[in-house]
Amino acid sequence: MSPQSGATVVITHRIKPGRHADYERWVDEIAPIVEAMPGYLDRHWVKPIEGLTETYTIIIRFDTAENLKRWMDSPERANWIGKIKPIFAADDDFLIRSGLDFWFTPDGAQAKVPVRWKQFLVTWSAIFPLSLCLSYLLGPLLRAAGLGGNRVATTATVTGVAVILMVYVVMPRYTRLVKRWLFS
């Protein structure tokens with residue numbers, strides 16, 4: 001895979017109250033179909049926080065923008081969205097970006113993308129302290145839940161929370177903070 005390849009889609013679905021079980025069954029059914037698509041790499045699923053939100057977020061990565069577009073425009077996906085649409089509280093909403101560039105390009109911008117080495121430094125300088133802090137903060141919770149000795153559960157939890165924070169909290173603010181250097 002070249003440094004320029006790779007694409008990510010962040011999909012958000014707001015679900016009508018009381019329809020979470022239906023939506024989660026639908027995700028379980030559509031998952032093997034997207035996973036079988038050419039170029040599929042992985043996906044992350046963020047469930048809503050009970051009592052606070054009705055929004056699910058799904059992050060799907062493909063090896064190329066073309067393969068991701070092929071899935072997003074496919075009749076299979078359109079058919080599956082049609083099946084679940086009646087329980088949506090809002091439209092099927094998604095944002096597609098190539099590689100990690102979506103962290104470095106302001107929404108709606110016609111801006112240039114920073115050079116890769118600067119993207120690396122900014123990403124690493126955000127992920128390293130975040131992962132370190134999350135390991136310390138989540139460690140006691142995982143031990144209390146009996147998962148402290150399970151490296152897979154610990155890694156999955158820490159990286160899952162890190163990705164959510166990176167996409168929605170850290171990188172939008174951090175890139176604004178270092179914008180002058182990043183784009184110089």
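The values are calculated or read from the model by the stated rules, or taken from the named source; none is laboratory data. Remember, it's a predicted structure, so these values are computed and weren't measured experimentally. As a convention, Cβ positions derive from the backbone with ideal geometry for all residues, glycine included, and neighbour counts pool all protein chains shown. Please note that ligands, DNA and RNA were not included when accessible areas were found on the heavy atoms of the full protein model with its side chains. Shrake-Rupley method; radii C 1.70, N 1.55, O 1.52, S 1.80 Å.
Quick notes on this one:
- Helices (runs of 4 or more DSSP H) contained in segment 1-89 and holding at least 2 residues at pLDDT 85 or above and surrounded by fewer than 12 Cβ atoms within 10 Å (Cβ to Cβ): 20-35, 75-84
- Segment 125-137, residues that are open to solvent by less than 30 Å² (accessible area, probe 1.4 Å) and within 12 Å of THR155 (Cα to Cα): LEU134
- Close pairs (8 angstrom Cβ cut-off, 6 or more residues apart or separate chains): under 16 Å from VAL167 (Cβ atoms) in segment 124-143, aromatic (Phe, Trp, Tyr) and in a helix (DSSP H, G or I) anywhere: ALA126/TYR174
- Some residue of segment 169-181 being outside any helix (DSSP H, G or I), more than 21 Å from ILE60 (Cα to Cα) and open to solvent by less than 100 Å² (accessible area, probe 1.4 Å): yes
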